[in-house]
Amino acid sequence: MTQTINRFDHVGSYLRPDYLLEAREKNEAGEITDTELREVENKAILNLIKKQEEVGLKTITDGEFRRASWHCDFFWGFDGVDKITDEPNGSKFEGKVYGITARLSGKISGENHPFIEDWKFTRDHASDDVDVKLTIPAPAQFVQEALREINIEATKKYYASLEDLVEDTIASYSTFVNEAYEAGLKTLQFDDCTWGRIISGKDHTGKQYTDEELNGHKELFLKLNNGVIENAPAGLTVNTHVCRGNFASTWFASGAYNSVANPLFTDENVNTYYLEYDSDRAGGFEPLAEVSGIKNVVLGLATSKDGKLEDKEALKARIKEAAGFVPLNRLGISTQCGFSSNSIGNNLSEEDQWKKISLLKEVAEEVWG
């Protein structure tokens with residue numbers, strides 16, 4: 001039996017409204033309190049819930065409106081992690097640098113993570129017939145961040161071995177996942193740029209990986225992600241989005257999925273893969289033949305990086321092409337990434353954003369009925 005899939009979907013983040021960005025700036029400047037900022041966030045999220053439901057989405061999110069960053073805000077919610085916002089050697093995106101990171105300040109643990117209360121707010125205000133999913137960075141993403149050159153010295157203060165770090169990461173994530181499930185979560189999405197790093201063949205500094213390093217990373221990332229999935233409750237759906245970077249309409253990686261299809265598509269134990277296929281940088285659909293079992297693939301055919309609307313017939317033709325490698329009943333369609341993975345959004349308007357989602361709905365109805 002095929003696992004559940006939404007025929008048209010989205011990755012998770014949406015453009016922040018201007019009034020929310022202004023409130024965050026005032027909060028950072030000490031002009032409004034955290035409580036006042038949260039009230040503005042609540043307003044923006046309530047408006048977003050309404051818009052997502054009106055456009056017909058069956059799975060919605062809070063747009064990641066409470067985050068500055070898609071990944072670091074989650075890391076900062078763990079015990080034993082410091083919030084760093086001014087790292088000059090941060091992540092590089094086609095000439096731009098995003099200078100935030102998460103640096104260890106002790107042994108990590110995952111109890112009482114604030115993201116659970118954030119998720120409950122959205123759940124409590126959504127209609128009963130929609131699923132409120134939660135998007136978080138993959139476990140592999142956390143360890144990759146801890147092992148970066150800018151963070152490795154701090155990591156080694158608290159973890160003498162990689163094995164100990166892996167063990168605590170799996171345990172901390174598993175604590176979070178189980179607490180989220182107990183709160184009512186049904187769908188969890190791992191957002192994961194680690195495979196994108198492998199695809200690019202280069203680390204954060206631009207240094208080329210050796211074959212030995214690449215094979216080691218594949219083994220490590222699979223162990224981390226599957227370790228948490230294995231500890232997850234049986235009733236929880238775990239999906240993943242494989243990303244090549246998404247910051248102010250730029251990216252950090254290019255390349256086809258061929259180099260990671262085994263073990264990513266063969267052995268990662270997720271329900272559904274959300275895959276970037278919006279440009280030639282992603283290569284062809286051939287690696288999808290490696291997707292094992294009855295796992296689904298949501299094709300990220302519409303770009304979230306600009307406002308140009310895709311051609312409907314071209315999208316339908318690409319779905320048909322992909323169906324030559326994964327059966328049509330296990331395929332869906334989405335944007336290739338979120339619209340605003342960080343508080344700095346991509347170069348399109350909110351109107352463009354909703355036009356993209358509406359187009360995906362039209363395509364899905366014509367392809368799958």
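The values are calculated or read from the model by the stated rules, or taken from the named source; none is laboratory data. Not measured: the values here are computed from a predicted model. For neighbour counting, all protein chains shown are included, and Cβ atoms are generated from backbone atoms with ideal geometry for every residue, glycine included. We work out accessible area using only protein heavy atoms, side chains counted, and drop any ligands, DNA or RNA first. Shrake-Rupley method; radii C 1.70, N 1.55, O 1.52, S 1.80 Å.
Listed values, structure above:
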read-out: Cleavage-rule hits (trypsin sites (Lys or Arg not before Pro)) in segment 167-213: DSSP loop, at most 16 neighbouring Cβ within 10 angstrom; value: Lys186, Lys207
read-out: Relative pair counts by distance (%), Cα atoms of segment 165-220, 10 Å bins; value: 19, 35, 29, 15, 1
read-out: Heavy atoms of Asp18: accessible area, 1.4 Å probe, square angstrom to 10; value: 110 Å²
read-out: Kirkwood hydrodynamic radius over Cα pairs of the chain, then Stokes diffusion coefficient at 37 °C and 0.692 mPa s, in µm²/s; value: 158 µm²/s
read-out: Within the accessible area of segment 18-368 (1.4 Å probe), percent carbon and sulfur; value: 46 percent
read-out: Accessible area per residue in Å² at 1.4 Å probe, computed on the chain; value: 41 Å²
read-out: Computed accessible area, Asp34, all protein chains, 1.4 angstrom probe, square angstrom; value: 120 Å²
read-out: Helical contribution to [θ] at 222 nm, DSSP H n ≥ 4, -39,500 (n - 2.57), averaged over the chain, rounded to 500; value: -13000 deg cm²/dmol
read-out: Largest-first ordering by accessible area, 1.4 Å probe, given options Ser340, Ser349; value: Ser349, Ser340
read-out: Out-of-range pairs (alpha-carbon distance over 25 Å; input Lys83/Lys295; Lys58/Lys120; Lys51/Lys308); value: Lys83/Lys295
read-out: With eigenvalues of the C-alpha gyration tensor scaled by 5 and rooted, segment 1-54, Å; value: 32, 11, 10
read-out: Selection from Asn231, Ile45, Phe190, by position along the positive dipole direction of segment 18-368 (Cβ); value: Phe190
read-out: Debye intensity ratio in log₁₀ form over the Cα atoms of segment 74-223, taken at each q of 0.11, 0.20, 0.21 Å⁻¹; value: -0.48, -1.32, -1.40
read-out: Mean Cα-pair separation over length for the chain, i.e. relative contact order, pairs under 8 Å, 6 or more apart, %; value: 21 percent
read-out: Cα-based reach from Lys207 at 16 Å (exclusive), listing lysines while leaving out same-chain residues under 8 positions away; value: Lys92
